[in-house]
Structures are given as structure tokens and as C-alpha cells.
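The values are calculated or read from the model by the stated rules, or taken from the named source; none is laboratory data. Nothing here was measured: the structure is a model prediction, and the numbers come from that model. In this analysis, Cβ positions are derived from the backbone assuming ideal geometry, glycine residues included, and neighbour counts consider all displayed protein chains. What goes into the accessible areas is simple: the full protein's heavy atoms, side chains included, and nothing from ligands, DNA or RNA. Shrake-Rupley method; radii C 1.70, N 1.55, O 1.52, S 1.80 Å.
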Amino acid sequence: MGGFEDDEPPSKRARASSVESASLPDCFPFSKSANPLGSTMARPLPSQGKEVMVGSKGVIKKEEFVRIITKTLHSLGYEKSGTVLEEESGITLHNPMVNLFREQVIDGKWDNAVVTLNKIGLLDENIVKSSAFLILEQKFFELLRNDNVMGAMKTLRSEITPLGVNRKRVHELLSCMISCSPQQLFLGFSKLGIDSSTSRSKLLEELEKVLPPTVMVPERRLENLVEQALTVQRDACYFHNSIDGLSLYIDHHCGKDQIPSRALQVLRAHRDEVWFIQFSNNGKYLASASNDKSAMIWEVDEDGELLLKHTLNGHEKSVMMVAWSPDDCQLLTCGVEETIRRWDVESGKCLHVYEKPGIGFISCAWFPDGKQILSGLTDQHFCIWDLDGREVDCWKGQRSTKTPDFVVGKDGKLIISMNGEKTILLFDRETKQERLIEEDHTITSFSLSEDGDFLLVNLVNEVIHLWNIRNGPIRVNRYSGHKRNRFVIRSCFGGSEQAFVASGSEDSQVYIWHRATGDLIETLAGHSGTVNCVSWNPANPHMLASASDDHTIRIWGAKKAGLKRKDVGSSSCSSNGIHANGNTHGNGFIHQCNGNSTK
């Protein structure tokens, strides 16, 4: 994610220390030449004088640069262009001995490849033996695939074992050969986690990781270098929130205008306070829940404008929350201490009503497979239901709490719920392991990051805490500045790679922080009542929605001049998406939408 350091690319070379040292058999043609410097590299080419450098800073070696470009051309399939570059520059990608070695590997001439390996000029015995192990293991597997079990056994015992390399792997192969029938050998290898289907081209890639890069340039080396450069630029970009991705043509830099801070639409279809909003997983819809006892589904059109698709009526009390199914084809709505209703998004029809006599529901969520839902009840129980309303499981929560929030993790095993006014329970249904997040102040709401590794926790003392729940839980950041006195205020992750945090506030504003630094970077004014909930479009980092006690939902967009929008005098819209004449409000750039659907 933006603001957090990505893992470094895996090393392209195997460490020699991981290879067990052992004497080579007499039949293995390895030249044990002395090397007083203990170098692990191939013998250098004869020096042609001072090394030529290229680039404005003079830090790029021309020979390495050309070889890497040549390798990239060949990898992209531009064989002729790669050959021409070698001829014109006079810098060859591989010397003749290495080319012969590669041809022998591709042709499956294993014994010849091992002989040639020793003629390349490698000075580290461990690297030679590691490479030979890979070659002979491939020979072993191909003999088995050709039903030559005796030949494979001979290779394993007489050629691979004497190398003394990766003895655990050799033992596993030998054990499987002895205990498995010929028909079950490859199944046995698979159970041991051994990939026996490696192609010869894949073998070459593995050899490139072991052999020094001066001998064979690693596959995709130029791509890795470019990706590293782009990653550094992205991580250094404080306001990174780009839709189009990073370009190679120019250095990357996002300005503050990439943050959604301009009101593009005001949705006025609800008749009372709007308590909850949530974009669908694919970003094509927005669902809203209101004190007017209705929920609404809004559709995002190709121009980024939201049109009312359905008004969902049927609840007898206020609707306090909604939850999208994993495929976005269905929506759950939960009334205040009432029922849960499941709706078809396309038709707007109610598919099922979940209820328990004498007990009300206070929250709802989907399991990742989309086949079950989780509900929170007023009697402190949690219940799992199948889609037809059959109760699958039910258990009592730990303690009474006024906060109904809970979340089901991405794997469907982790359930995150309140465990008291100041405590959140992380419960693994499979292992029964329990972990706790303990705060010093009352928790009012929480939300889970898209990757399932972080939790935003809103507190009664006007602070939001960020917790790492993958490696802990560990508190890693805090955000403050918004106002909270009486109501439940909800926050969310958002933006490109969820690099930002947004929250509602009782001062009628929306607050946006930089996730990594905790800096408050934007305050959005426009609502005339408490902002209860915010939701950032997961498919469009430039779209943020906010729901308020002023009965409206505001859609915020980036300030970029090229942003698509309607001209002054844009119309309002009805539930079927057909535009009707309406009045322009504000500066002409804010579009009012007065949906009147009663589906």
C-alpha cells in the first residue's frame, strides 16, 4: 500500500552458504582451480582499459547496461533486434560456452550440460554443485515421465546423491521412489511440495538465480530495475492517488488536486437522516441506509454520476446498515433491532427476510463465499444463516455493548466483534484462537482494510486508531481533528492502495488524513448536519461519498480540470435513471438528484 514500504524483490541469486559442502565424485568433471581471493564470480573477461560508463551521473556500466537491454529484447521475443544489438555494440549477451550450455539444457542433453558447466570458468564449487543438482534433478524427473524408473533411480543414486547437495530433498525423492508405485510417484512428489513438472525454460530461469549474473543475466532484470524505480517514486509521492498508474515517460508526482475534495453531486432522495453508506466491491453501486426506514441503491454511470436505481422499502424501523454480497449481486439491509432483508440488486426485489421471534437484529455481514451471512442480535448472540434462512450456527457474545459492529475476515475464518465498550475480539473460528484489541476509551465503530490486515477504530474521545491485526494486534497510528460528541461516526480506508483515511464528523465536515503519516490533509465542508458515515469508491480513488443528518449524500471528486462533469444546469434524475428537468444549485458544478422511486 501507498505509504508503506513494499517488500523488496526476491534475490536473483541463491546464497552459496545454503549449499552443503561435499566432495565431488571422480566421475564429475569439475576443475578445482585455486582462487586466493575466494571469489564466487566467473573469471573476468580481459580488460580493455577503463570501464565505459553511461548516464548523466556516470554510475551505469555500459557493458552491463547493453547486456541487460539485449536480454530484455530476447525475453520479449525480439530475437533479431537482440542479435543486431549484440553485433552493433560488440557486447555479447553470453560467451560461446554459456550459449552452448543453454542449448544443451533446452535440448535435454543433461550429461553434456554438466560437462559444459565446468568449462564456463566458475570458481565456486558450491555454485557448480548447486547448478548440477538442478540439471540432474530435471534429468531424473524427465526419465520418470518417460517411464524409465530404473534410469531415474540410477541418476538419483549415482549422480545426484554424490553431490552432497540438498540432502533432505534427495532423501524425500528416494523415500518416495521406494514407497510409491510408479503410477503414484508424481502424486507423492506433489504431497511433499516438490514440483516435478518444471519445464526446461523454467529450469534455465532457476539456473540464472544460482549462477553469477556476469555469466547469465537474470531473467526480467530490466523489468525489476524499472519496477524498483517506479516503486521508489510512488512511495515518495505524498499525495499519490493516481487512476492511470505510473508512466515511464516522466517522473511521477501527484498534487493535492488528486484528493477528492470537490462536491460533484448532492443526492437528496432520502427523507430523513442518512446513517450509513457503502460502495459495492466493484465500485459500480452505492447503497445508503436512512432513518426514513428505507435503503437505496445508486448506480455509478460511465461519466461518474450517480443515478438512483432502487428504493428498498419494507423495514418497519430505521435502516441502520447495509452489506454487499461478494459478487455485488445482492444486498443486505438491517433495521434497528428489527429484521435483516436480502435484496436482488438488479431487480430491487426482496429475496428473503431473516428474523427471530421476540429478538431483533442489530448488524449483518456476508461470508466471503457468498453462501452464508452473519447477524448480530439484541440478546448478544451471533447467528450464521444460509441464504434460505436456515440457522447454521449460533453463539453468545462475551459482553453487552452498545456498538453492533462486526466484520468477517477475507478468509471467512476471522470474526471481529465488540467484546465490551473498550475491547474488540478477534476470533478465529477454525483454531478457536482469541486475540484482543484493548483501548483506553469507548469504541464507537470500526472498519477493516481491503487486505484484511488493518483495522480502523473510532473512539469516543475524538481519536481514530489504526491497528495492525496481521502481526499483533499492534497500534501503528492515530488520527485526530474531527469532532465527535453524541453520535456514532464512521471512518474508512480509501484512495489508491488505500493510502488515506477519511471520517465523518459532528461539525458537518469530512476529514481526510494521510494514512502513513497521520497528517490531516483535507477538510471538506458542505453538509449542514453531522456527517455520520463516509465510503471511498474501491474502483475509483477520486470518488468519495459522505452521508449526513441533513438528509443528503455528497459525492466528492478530484479537482483536476479534465474531470468529466455536466454543464451548468444539469438535471435531476428519477429512479430509473431517466433525466428530468431540474435546477442548478451552488456554483453549477454540484448536481442535485431527487429520486422519487417507491419500488
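For Asn477, are the conditions met, namely being at pLDDT 95 or above and farther than 22 Å from Tyr238 by Cβ?
no
How do the pairs read when you match residues in the stretch 70-93 that are closer than 22 Å to Val52 by Cβ with residues anywhere that are among the acidic types (Asp, Glu) and open to solvent by 50 Å² or more (accessible area, probe 1.4 Å), using Cβ under 7 Å and keeping only pairs 6 or more apart or on different chains?
Correct list of pairs: Ile91/Glu63.
So Cys364 fits all but one of (1) of a type outside the set (A, V, I, L, M); (2) closer than 23 Å to Thr311 by Cα; (3) without any contact (Cβ under 8 Å) to a residue 12 or more places away in the chain; what number is the exception?
So the condition that Cys364 fails would be (3).
Given Ile243, Ile297, which one is assigned to a loop (DSSP other than H, G, I, E, B) and of a type in the set (Val, Ile, Thr)?
After applying the criteria, what remains is Ile243.
Of all residues in the stretch 322-332, which are assigned to a strand (DSSP E or B) and either under 16 Å from Asp386 (Cα atoms) or open to solvent by 20 Å² or more (accessible area, probe 1.4 Å) (or both)?
Answer for the stretch 322-332, where residues must be assigned to a strand (DSSP E or B) and either under 16 Å from Asp386 (Cα atoms) or open to solvent by 20 Å² or more (accessible area, probe 1.4 Å) (or both): Ala323, Trp324, Gln330, Leu331, Leu332.
What residue, of Glu103, Glu137, is open to solvent by less than 40 Å² (accessible area, probe 1.4 Å) and not in a loop (DSSP other than H, G, I, E, B)?
Among Glu103, Glu137, only Glu137 is open to solvent by less than 40 Å² (accessible area, probe 1.4 Å) and not in a loop (DSSP other than H, G, I, E, B).
Here are some residues: Asp393, Asp369, Asp388. Which one is open to solvent by 60 Å² or more (accessible area, probe 1.4 Å) and closer than 14 Å to Arg341 by Cα? Spell out how you get there, then give the answer.
Details: Asp393 fails: closer than 14 Å to Arg341 by Cα; Asp369 fails: closer than 14 Å to Arg341 by Cα.
Every option except Asp388 fails the conditions.
Output yes when any residue across the stretch 301-311 is part of a strand (DSSP E or B), open to solvent by less than 30 Å² (accessible area, probe 1.4 Å) and closer than 24 Å to Ile243 by Cα, and no when none is.
yes
Considering only the stretch 146-157, state which residues are surrounded by fewer than 18 Cβ atoms within 10 Å (Cβ to Cβ) and in contact (Cβ under 8 Å) with a residue 24 or more places away in the chain.
Taking the stretch 146-157 as the starting set, the residues that turn out to be surrounded by fewer than 18 Cβ atoms within 10 Å (Cβ to Cβ) are 146-151, 153-154, 157.
Those that are surrounded by fewer than 18 Cβ atoms within 10 Å (Cβ to Cβ) and in contact (Cβ under 8 Å) with a residue 24 or more places away in the chain: Asp147, Val149, Met153.
Could you count how many residues in the stretch 263-282 are in contact with a strand residue (DSSP E or B) (Cβ under 7 Å, 6 or more places away or on another chain) and not in a strand (DSSP E or B)?
Result for the stretch 263-282: 7.
Please work out which one of (1) part of a strand (DSSP E or B); (2) modelled with pLDDT of 95 or more is the condition Ser347 fails and give its number.
Condition not satisfied by Ser347: (1).
Which residues, counting only those in the stretch 357-366, are more than 31 Å from the chain's Cα centre (by Cα) and within 10 Å of Ile340 (Cα to Cα)? Spell out the reasoning first.
Let us first name the residues in the stretch 357-366 that are more than 31 Å from the chain's Cα centre (by Cα), namely 357-361.
Across the stretch 357-366, the qualifying residues are Gly360, Phe361.
Under 38 Å from the mean Cα position of the chain (by Cα), within 25 Å of Glu223 (Cα to Cα) and not basic (Lys, Arg): which single residue out of Ser130, Ser89, Ser75 fits that description?
Values: Ser130 fails: within 25 Å of Glu223 (Cα to Cα); Ser89 fails: under 38 Å from the mean Cα position of the chain (by Cα).
One residue alone meets the criteria, Ser75.
Return the residue satisfying two criteria in turn: it lies in the stretch 52-84 and is closer than 16 Å to Leu225 by Cα, of a type in the set (Ser, Thr, Tyr) and touching a helix residue (DSSP H, G or I) at 6+ places or on another chain (Cβ under 6 Å), and of such residues it is surrounded by the most Cβ atoms within 10 Å (Cβ to Cβ).
Filtering first and then ranking leaves Thr70.
Got a number for residues in the stretch 283-294 being assigned to a strand (DSSP E or B) and either β-branched (Val, Ile, Thr) or more than 27 Å from the chain's Cα centre (by Cα) (or both)?
Looking only at that region, the number is 2.
Tell me, yes or no, whether the stretch 234-257 has at least one residue that is among the hydroxyl-bearing types (Ser, Thr, Tyr), touching a Leu at 6+ places or on another chain (Cβ under 9 Å) and touching a residue at least 40 places away in the same chain (Cβ under 8 Å).
No - not one qualifying residue is present in the stretch 234-257.
How many of the residues making up the stretch 461-481 are farther than 17 Å from Phe500 by Cβ, over 23 Å from the mean Cα position of the chain (by Cα) and surrounded by fewer than 16 Cβ atoms within 10 Å (Cβ to Cβ)?
Qualifying residue count for the region: 1.
Here are the criteria: (1) at pLDDT 95 or above; (2) of a type in the set (Lys, Arg); (3) touching a Lys or Arg at 6+ places or on another chain (Cβ under 8 Å). Tell me which single one Lys559 does not satisfy.
Against the list (1) at pLDDT 95 or above; (2) of a type in the set (Lys, Arg); (3) touching a Lys or Arg at 6+ places or on another chain (Cβ under 8 Å), Lys559 comes up short only on (1).
So which strands (runs of 3 or more DSSP E) are wholly in the stretch 472-532 and hold at least 3 residues that are closer than 25 Å to Asp440 by Cα?
Values: elements: 474-480, 491-494, 500-503, 510-514, 520-524.
Result: 474-480, 491-494, 500-503, 510-514.
Would you mention how many residues in the stretch 238-253 are over 21 Å from the mean Cα position of the chain (by Cα) and acidic (Asp, Glu)?
Within the stretch 238-253, residues that are over 21 Å from the mean Cα position of the chain (by Cα) and acidic (Asp, Glu) number 1.
Suppose we filter the stretch 487-531 for residues that are open to solvent by 20 Å² or more (accessible area, probe 1.4 Å), within 17 Å of Ser288 (Cβ to Cβ) and β-branched (Val, Ile, Thr); how many remain?
1
For the stretch 185-244, how many residues are at pLDDT below 90, among the β-branched types (Val, Ile, Thr) and either within 27 Å of Ala132 (Cβ to Cβ) or open to solvent by less than 70 Å² (accessible area, probe 1.4 Å) (or both)?
Number satisfying all stated conditions: 2.
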